[in-house]
Amino acid sequence: MIDVVSVASEAHPLIKTGGLADVTGALPAALAAHDVTVRTLLPGYPAVMGALEGGRVVAEMPDFFGGFGRLLAGRGGGLDIIAIDAPHLYDRPGNPYVGPDRKDWPDNWKRFAGLSFAAYEIGRGLLENYRPDVLHCHDWQAGLTPAYVAFNAPTRAKTVMTVHNIAFQGRYEWSIFNDLRIDFRAAQENAIEYFGGIGFLKAGLQTADALTTVSPTYALEIKGPAYGMGLEGLLQVRAEHLTGILNGIDIHEWDPMTDLKLVQHYSHNSIEQRAGNRQALAQRFGLDDAPGPMFSVVSRLTWQKGLDMLVEVADDLVAAGGKLIVLGSGDAEIENGLAGAAMRHPGKVGFVRGYDEPLSHLIQGGADVMLVPSRFEPCGLTQLYGLRYGCVPLVSRVGGLADTVIDANEAAVEAGVATGIVFAPATVEALREAIRRTARLYGRDKVWRKMQRRGMKSDVSWELSAEKYAKLYRRLLGMNENADSND
Ligand code: ADP
């Protein structure tokens, strides 16, 4: 049995701002099948404290980054949780990273140094009768954990640093150094210094025993300047420790046969039933019932996601006979652009600004196309939900999108392997052409239906990837990689 602490600032269904939460929420159950037991360490946000069942105090940390802290262990959202109850850091409503003014909390460095430090302390045996084998650190918020392990008093736990998005790095002024409680050698050995300041993710990437990211293509991309965002040099040096392990999805929560958020259930044998969901969507987004492909987006509205480009081609999408529905929020300019498109094209374009988990399921279950025109995409989950729900993905050929969707070029259609539409480069022109191509494919009923069915049958579960993580842990611990039993 391998004991892992998953160190993260989000985990679905307790607290979520993006794909990270889906991963940390689903991976523990998938790992259980491989003799890996996971406990999830989370900041005690109100949403986490509120969901904790049977929480009991397992440690006290009287001087925890400026206030009293303690660790509570219990169950929550189907996970084994260790929550850091430190109200001075985490007892704030809303989004975990930004205040009501939409700006980062000024003490984020302290909040996530705290998360990282607590993980390190657990690794050192802070909890009675619990000595984890692996500290699995997710994204920059947990980036200091491997550095504490490397430079403070030693622990026997191995560290894994997983990058879910290298654009978010946790960069701060050097002046915080003395408050991080990290041994001075961390400064001497340039382990946490980053462009004159401190980099949380950099620290993790430099010091962790193993590095992973969430798709094989992204693992290649981030070693180069176009996608590495300043960390490519370090990743080249540590390339032999870096692997790409594709994300899966929770196929029980995301199952069109049982999903309670759908109006109509269906399977790959009854795809025509999706019509009921499509109709409900049309009502919700104010669309008319003319035929034609319904394109959809469920996303943060940002430059990364390429949705500024979608604003530019919205008119062409409608001209090609399509309709467009968008659920999301983000950059004001993109929001305004989409609202403008909805005004120009009543009955054809609908925009719901906000975050709405149930509606995101209905979109997957009713729209025809899931549009993901990202400029970069570490893995991407909405195209995986799309595959599973018969909402054909239209994606740019980057990162995990390239690894999960097979383009419907004529050869692939002939060979019966296509699962979506893939375009490159991520430009307005290429996106426009891809939308037109999708509309033409949609018109070929049989081809389209086959593509939907193939996607629905493809394996998007955690099974294969959980096995890869389990093997990685075993390798780090010097165990036989292929043995799934106690060894
Ligand atoms: P990222 O983590 O970069 O935002 P991913 O595709 O990896 O992108 O994961 C996004 C997750 O957040 C998916 O589960 C998606 O369904 C969900 N999501 C994004 N925007 C919304 C929204 N406005 N409402 C509901 N769910 C959303």
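The values are calculated or read from the model by the stated rules, or taken from the named source; none is laboratory data. Note that the structure is a prediction, hence the values are computed from the model and not measured. No Cβ is skipped: glycine too gets one built from the backbone with ideal geometry, and neighbour counts run over all protein chains shown.
Quick notes on this one:
- Sole exception among (1) touching a Ser or Thr at 6+ places or on another chain (Cβ under 9 Å); (2) away from the ligand (no atom under 13 Å from the Cβ); (3) more than 30 Å from residue 260 (Cβ to Cβ) for residue 321, by number: (1)
- One residue from 77, 55 being farther than 30 Å from residue 177 by Cβ, buried (at least 17 other Cβ atoms within 10 Å of the Cβ) and over 25 Å from the mean Cα position of the chain (by Cα): 55
- The residue of segment 149-176 that is nearest to the ligand (Cβ to nearest atom), among those that are small (Gly, Ala, Ser) and in a loop (DSSP other than H, G, I, E, B), is 167.
A quick yes/no check of all residues on (1) over 26 Å from residue 425 (Cα atoms); (2) outside any loop (DSSP other than H, G, I, E, B):
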| site | (1), (2) |
| --- | --- |
| 343 | yes, yes |
| 352 | yes, yes |
| 363 | yes, yes |
| 370 | no, yes |
| 374 | no, no |
| 387 | no, yes |
| 400 | no, yes |
| 403 | no, yes |
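- Checking each residue in segment 451-481 for being assigned to a loop (DSSP other than H, G, I, E, B) and either at positive phi or within 22 Å of the chain's Cα centre (by Cα) (or both) picks out 458, 459, 460, 461, 462, 478.
- Members of segment 404-419 that are of a type outside the set (Ser, Thr, Tyr) and touching a residue at least 24 places away in the same chain (Cβ under 8 Å): 408, 413, 416, 417, 418
- Check on residue 348, within 13 Å of the ligand (Cβ to nearest atom) and either in contact (Cβ under 8 Å) with a residue 40 or more places away in the chain or farther than 20 Å from residue 277 by Cα (or both): no
- Residues that are under 18 Å from residue 71 (Cβ atoms), away from the ligand (no atom under 16 Å from the Cβ) and assigned to a loop (DSSP other than H, G, I, E, B) within segment 1-53 comprise 44, 45, 52, listed in sequence order.
- Residues located in segment 287-318, provided they are in a helix (DSSP H, G or I), away from the ligand (no atom under 16 Å from the Cβ) and under 29 Å from the mean Cα position of the chain (by Cα): 309, 311, 312, 313, 314, 317
- From 96, 146, 132, 106, residue being at pLDDT 95 or above and either among the basic types (Lys, Arg) or in a helix (DSSP H, G or I) (or both): 146
- Against the list (1) within 13 Å of the ligand (Cβ to nearest atom); (2) over 18 Å from the mean Cα position of the chain (by Cα), the condition residue 409 fails is (1).
- Considered as a group, the residues in segment 223-259 that are within 16 Å of the ligand (Cβ to nearest atom) and more than 18 Å from residue 379 (Cβ to Cβ) include one that is surrounded by the most Cβ atoms within 10 Å (Cβ to Cβ), and that residue is 256.
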